[in-house]
1. Got at least one residue in the stretch 206-223 being polar (S, T, N, Q), part of a loop (DSSP other than H, G, I, E, B) and more than 23 Å from the chain's Cα centre (by Cα)?
2. Sort out which residues of the stretch 138-182 are in a helix (DSSP H, G or I), of a type in the set (Ser, Thr, Tyr) and either under 27 Å from residue 92 (Cβ atoms) or touching a Pro at 6+ places or on another chain (Cβ under 7 Å) (or both), and write them in order of number.
3. For the stretch 269-277, does any single residue satisfy the condition of being without any contact (Cβ under 8 Å) to a residue 12 or more places away in the chain, surrounded by 15 or more Cβ atoms within 10 Å (Cβ to Cβ) and not charged (D, E, K, R)?
4. Please work out if residue 219 is buried (at least 24 other Cβ atoms within 10 Å of the Cβ), within 28 Å of residue 383 (Cβ to Cβ) and in the same structural domain as residue 147 (by TED's automatic domain parsing).
5. Which residue, of 75, 88, is touching a strand residue (DSSP E or B) at 6+ places or on another chain (Cβ under 9 Å) and either at pLDDT 95 or above or under 21 Å from residue 137 (Cβ atoms) (or both)?
6. Being among the small types (Gly, Ala, Ser) and touching a residue at least 24 places away in the same chain (Cβ under 8 Å) is the filter; apply it to the stretch 323-362 and report the residue that is nearest to residue 218 (Cα to Cα).
7. Return the residues of the stretch 113-144 that are surrounded by fewer than 16 Cβ atoms within 10 Å (Cβ to Cβ) and over 18 Å from the mean Cα position of the chain (by Cα); say none if nothing qualifies.
Amino acid sequence: MTYDRELNTARDIIGGHATWAAIDPESVARMRLQNRFKTGLDIARYTAKIMRADMAAYDQNPANYTQSLGCWHGFIGQQKMISIKKHFGSTKGRYLYLSGWMVAALRSEFGPLPDQSMHEKTSVPALIEELYTFLRQADARELGGYFRELDAAREQGETAKEKELLQKIDNFQTHVVPIIADIDAGFGNAEATYLLAKKMIEAGACALQIENQVSDEKQCGHQDGKVTVPHEDFLAKVRACRYAFMELGVEDGVIVTRTDSLGAGLTKQIAYSQEPGDLGDQYNSFLDCDEVTPNEIGPNDVIIKREGKLMRPKRLPSNLFQFRQGTGEDRCVLDCITSLQNGADLLWIETEKPHVEQIAGMVDRIREAVPNAKLVYNNSPSFNWTLNFRQQVFDAWTEEGRDASAYDRAALMSVEYDETDLAIEADARIQSFQADAARRAGIFHHLITLPTYHTAALSTDNLAKRYFGEEAMLGYVKNVQREEIRQGIACVKHQNMAGSDIGDDHKEYFAGEAALKAGGKENTMNQFA
């Protein structure tokens, strides 16, 4: 809706009520434009269409890959989108990621927790709602600035300026973008997954990411002890997510299925199989077993039949069964093909290092069965990117016969190597990793799960060192406030960012000249004008 259309609609409605004469149609039009999305489902439907269009654009050209950064607070997500609009003029191709790891570590009432699905499941939809509350406020704040400029232009009789501002208002790009939300392993059985998925979608999520670990043994993808479930158990949860999307009328909802099989060597149960070659049989074929005779079978042994032989799966003291060493990649490929053939839209393969060819090798195999297979990939802070890529360059040079004798492969993280040719080439590979992986390895979406967890720690450490040290107040002024002013960081006007000016507008709408507004000449925020 354009400004004029909203204005005329408000006039018509108000004109139909004799007692509403004090309601200003222009104020109503502005409030409506500042609140484009009335519910989380409005957001989910809107952002799902964006994501689907981006997926189609990637299929046409892998240079059209997308990106996101993880969030643990609404303010963090808001500032990311404000910064993206400020620096790039558009939010196209940039999303937000909601990490279950960060919810566990930073949002649980139990205090900081490891990534093991022990946090309250309702904290995930609550964070989705919070993120979108802050993004909608960013819309209201930016549009409110345009409305003030519009009023000033009209007072000064600047017709051209007024027209320019109306065009900006009518073509306003919202800060609301897709959120890929982590539902972990579903927090229980398929019914529990369905119920939580509904809450997340109702809060605004258009994309749900679910992993094939067991809920009660779930581990972070970059830690040991991961336990996977048979395919049918996982697919029941995938279907539960799709049913949730369909029930709520978000037909374009996106499901991202994550496999942890590359690093997961354990399973809690043996899959049910009806006939040789079915999914259950394929899952069981990876089990590490010993052949036994009938006389060797103990009273509590579990026995399966494989190729006419009696096989005893190796059971650990934890009562878990283990897979054969070296089968992780084959299991990953089977997981991915199975997921895509049963309702998933995107894949996520959790790896132990960022290596384009490792990922591409699996994707090539997946695409033999599903040609348009696409991935979401975790550019994880769990990887030592500097060391990994320096070692990749070292290995490439050695294979090419180049002299790498000046470098110690095990110590390549050392600062003494920072300005060397090897380090420079490694940094270039890190810089191009996302584009290279999008082109070669089918990665549609690149994300960093925990960026602001680390940036918050780093910036707080630096501030504490300076403020509580010799610099005292200069440690804050020089390195924080002065940089905010010089770099044009809107948050330097923190009252405005928190909604003070929006509140003043509403006070004027509601009380007219009697409004007690905060933005007068005594407001110290004017020092930053």
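The values are calculated or read from the model by the stated rules, or taken from the named source; none is laboratory data. As the structure is a computational prediction, the values presented were derived from the model and not from experiment. Methodologically, a virtual Cβ is constructed for each residue, glycine included, from the backbone with ideal geometry; neighbour enumeration extends over all protein chains shown.
1. We begin by selecting, within the stretch 206-223, every residue polar (S, T, N, Q); these are 209, 212-213, 215, 219, 223.
Next, only the ones that are part of a loop (DSSP other than H, G, I, E, B) stay: 212, 219, 223.
Checking the rest, the ones that are also more than 23 Å from the chain's Cα centre (by Cα) come to none.
Within the stretch 206-223, not a single residue is polar (S, T, N, Q), part of a loop (DSSP other than H, G, I, E, B) and more than 23 Å from the chain's Cα centre (by Cα).
2. Result: 146, single match.
3. Checked the stretch 269-277: at least one residue is without any contact (Cβ under 8 Å) to a residue 12 or more places away in the chain, surrounded by 15 or more Cβ atoms within 10 Å (Cβ to Cβ) and not charged (D, E, K, R).
4. In short, no.
5. Exactly one residue qualifies, and that residue is 88.
6. Looking at residues that are among the small types (Gly, Ala, Ser) and touching a residue at least 24 places away in the same chain (Cβ under 8 Å), I get 328.
7. 114, 118, 120, listed by residue number.
For (1) modelled with pLDDT under 95; (2) within 39 Å of the chain's Cα centre (by Cα), each residue gets a yes or a no:
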position: 273; (1), (2): yes, yes
position: 283; (1), (2): no, yes
position: 287; (1), (2): no, yes
position: 293; (1), (2): yes, no
position: 298; (1), (2): yes, no
position: 305; (1), (2): yes, no
position: 308; (1), (2): yes, no
position: 316; (1), (2): yes, yes
position: 320; (1), (2): yes, yes
